[in-house]
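Reading through the structure tokens given below for one structure.
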Amino acid sequence: MNETPSLRARAEIDLAALRANVRVLRARAGGAQLMAVVKADAYGHGAVPCARAALEAGATWLGTATPQEALALRAAGLGGRVMCWLWTPGGPWREAIEADIDVSVSGMWALGEVVAAATEAGIPARIQLKADTGLGRNGCQPADWPELVAAARTAEQAGTVRITGLWSHFACADEPGHPSIAAQLNAFRDMVAYAEKEGVDPEVRHMANSPATLTIPEAHFDLVRTGIAMYGISPSPELGTPADFGLRPVMTLSASIALVKQVPAGHGISYGHHYTTSTETTLGLVPLGYADGIPRHASGRAHVLVGGVWRRIAGRVAMDQFVVDLDGDRIEVGGEAVLFGPGDRGEPSAEDWAQAADTIAYEIVTRIGSRVPRVHLHATPAES
């Protein structure tokens, strides 16, 4: 008799929640289109199933960081508009062009490489020019913008590229009222106006990330790019909880208790004995560790729901496991430990873990490693 073995751990991904989140964000975006950002394996949630669910819910674009991520979406049979923006010299420009992917160009070196690849392929490249309006990462500085626009227009007139978009990215959209927000908006409007004066006729102009989609309507332009909010996590606790925005966390991370044992008072737990039992107690072993993305910085601070009660991590998180003090409670081996989720059963949230680890909830969900199977719930026939 064959039986399906129980999983050591699992990350349940609620695609119904994701679809609902996309609909909420579309309503927030007003008349703007919505790009579902599925970079970094959809922030740890599984890129292909999440991309399909987002498109079903009305997203019209998919966004990735790397060209490899974009090409993987095409290989999985996903059509429609796909954009990627993090390029390095020698990147797979021709493959992206032939896959009908919009590619971002931030400088002359990139424009030169994409023009060469398009010439070789015999297909015009779809490019989007990125403006650095103040974030200081990727993007073209205002002083260099006229040169890039002129060269891109020359390539467009020669038939090797089509300029499909002009875009930028906020530095502090998660801090309402920050002076950089207005400054960046003004810079973007100026750079768009210059490009359009020089003959650029973009399909889309876009700048809004998740926090801007939620709180800065004047930044919506033609398209908004929603990442973390699509997965039901607030882009900033200061802006509000997910529920405040009508969003629901999509990922629930859980594991099966691997061992329960009784230990005496004064027993050291895990490496370095940073935790010592104060009384005779029971311990539960959770088979997840920093190799699975559990932050070691959360040692002794984060909580896990076991038996309906929050249990603090006892001692250091190790590579493959950590211990919780069950305070003498008798828990069955194989019982469930819920690390975080939407809170329906009283479990901690990804934000709770972020505070325990002195980081942001983006990192908590994105870092969950490949040893943890993703189990996608509520998939429609089209997504299966």
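Structure notes:
- Carbon/sulfur fraction of accessible area - the range 6-92, other protein chains in place, 1.4 Å, %: 56
- Span from the the range 39-100 Cα centroid across to the the range 309-384 one, whole angstrom: 28
- Our estimate of slack between Glu332 and Gln157, defined as 0.36 nm per intervening residue step minus the Cα-Cα distance, is 56.0 nm.
- Between Ser256 and Glu175, the simple spin-label model (points 7 angstrom out along Cα→Cβ) gives 4.7 nm.
- Stokes-Einstein translational diffusion, the range 55-107 - Kirkwood Rh over all Cα pairs, 1.002 mPa s, 20 °C, in µm²/s: 190
- Percent antiparallel among DSSP beta bridges (both partners in the chain, rounded to 5): 45
- Dipole magnitude for the chain: about 360 debye, using +1 per Lys or Arg Cβ and -1 per Asp or Glu Cβ, origin at the Cα centre.
- Å² per residue, accessible surface of the range 190-335 at 1.4 Å: 41
- Shown here: the range 281-384, whose C-alpha atoms stretch 50, 29, 23 Å along the first, second and third principal axes, sorted largest to smallest.
- Taking the centroid of alpha carbons for each part, the range 144-172 and the range 102-125 are 11 Å apart.
- Other residues whose C-beta falls under 12 angstrom from the C-beta of Arg162 contribute a net charge of -3, scoring Lys and Arg +1 and Asp and Glu -1.
- Judged by the gyration tensor of its Cα atoms, with axes a ≥ b ≥ c, the range 19-149 is oblate; a/c meets the 1.5 cut and b/c is at least as large as a/b.
- Computed label-point distance, nm, for sites Tyr271 and Arg345 using a 7 Å Cα→Cβ extension: 3.0
- Accessible-area composition of the range 207-256, carbon plus sulfur, in percent [1.4 Å probe]: 52
- For q = 0.10, 0.18, 0.24 Å⁻¹, Debye-computed log10 I/I(0) when each Cα of the range 105-192 counts as one equal scatterer: -0.28, -0.74, -1.10
- Potential lengthening between His297 and Tyr194 on full extension [0.36 nm per residue; Cα-Cα distance subtracted]: 32.4 nm
- Accessible area per residue, Å², the range 7-156 with all protein chains present, probe 1.4 Å: 37
- The gain in end-to-end length when the Met108 to Ser6 segment is fully stretched comes to 31.4 nm, 0.36 nm per residue minus the alpha carbon separation.
- Helix-only [θ]222 nm of the chain, DSSP H runs n ≥ 4, -39500 (n - 2.57) each, per residue, nearest 500: -8500 deg cm²/dmol
- Computed from the C-beta positions of Met319 and Asp201 and an R0 of 56 Å, the FRET efficiency is 0.55 to the nearest 0.05.
- Listed candidates [x] 132; [y] 181; [z] 157 - label of the one calculated as volume of the Cα convex hull per residue in Å³: [z]
The values are calculated or read from the model by the stated rules, or taken from the named source; none is laboratory data. All values reported here derive from a predicted model rather than from experimental measurement. Positions of Cβ are generated from backbone atoms using ideal geometry, with glycine treated the same way; all protein chains shown enter the neighbour counts. The accessibility values were calculated without ligands, DNA or RNA, using every heavy atom of the protein model including side chains. Shrake-Rupley method; radii C 1.70, N 1.55, O 1.52, S 1.80 Å.
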